[in-house]
Amino acid sequence: MTVSCADLIKELVSKCLQARNAAYCPYSRFPVGAALLTPDGAIITGCNVENASFGLTVCAERVAVQRAVVEGYRKFTAIAVSCDIEDSFVGPCGACRQVLMEFGSDWVVYLTKPDGTYRETSLRELLPLAFSPQHLAKK
């Protein structure tokens, strides 16, 4: 069975929305879900996990990256991110953008609304002039 690009995006967005529903956010009440797509078609999800010591809170995007790394993945082609704001597309925070950049700048980012609509952008567009692992190699 062949999966079309549109079907894969639809699945990625759906998994992102499902992950958002699992968020642990008793303080902010701001659930966020993320779904990473690997080159081989695996989808790894994450949700935000808050902590009473706010600095220990982990964003959905970083949870997804950490889960993916544990499962052996180091390359990604796309990520979908969703929160419960209905009237605008919301991107990852600055810290998450930097963590995503650790794994390359050439992947697609789908900013997703609760109704499943999305806006396609890129990590490079979200974090221009980024500091990346390549900078450390130039020492």
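The values are calculated or read from the model by the stated rules, or taken from the named source; none is laboratory data. Model, not experiment: these values are computed from the prediction. Cβ: placed from backbone, ideal geometry, glycine included. Neighbour counts: every protein chain shown. Note: areas computed on protein heavy atoms with side chains; ligands, DNA, RNA excluded. Shrake-Rupley method; radii C 1.70, N 1.55, O 1.52, S 1.80 Å.
Looking at region 63-92, I want the residues that are over 18 Å from Ser105 (Cβ atoms) and in contact (Cβ under 8 Å) with a residue 60 or more places away in the chain and have a partner that is open to solvent by less than 10 Å² (accessible area, probe 1.4 Å) and of a type in the set (Ser, Thr, Tyr) with Cβ atoms under 9 Å, at least 6 apart or on another chain. Which pairs are those? Partner pairs satisfying both residue conditions: Ser82/Thr112; Cys83/Thr112. Within region 1-46, the residues that satisfy the criterion of being in contact with a helix residue (DSSP H, G or I) (Cβ under 8 Å, 6 or more places away or on another chain) and part of a strand (DSSP E or B) are Val32, Gly33, Ala34, Ala35, Leu36, Leu37, Ile43, Ile44, Thr45, Gly46. Tell me, which residue of region 61-99 that is in a helix (DSSP H, G or I) and in contact with a Phe, Trp or Tyr (Cβ under 8 Å, 6 or more places away or on another chain) is most open to solvent (accessible area, probe 1.4 Å)? Applying the filter and picking the extreme gives Gln98.
Yes/no matrix, rows are residues, columns are (1) open to solvent by 40 Å² or more (accessible area, probe 1.4 Å); (2) over 18 Å from the mean Cα position of the chain (by Cα); (3) on the phi > 0 side of the Ramachandran plot:
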site	(1), (2), (3)
Leu8	yes, no, no
Val13	no, no, no
Leu17	no, no, no
Pro26	yes, yes, no
Val32	no, no, no
Pro39	yes, no, no
Cys47	no, no, no
Phe54	yes, yes, no
Cys59	no, no, no
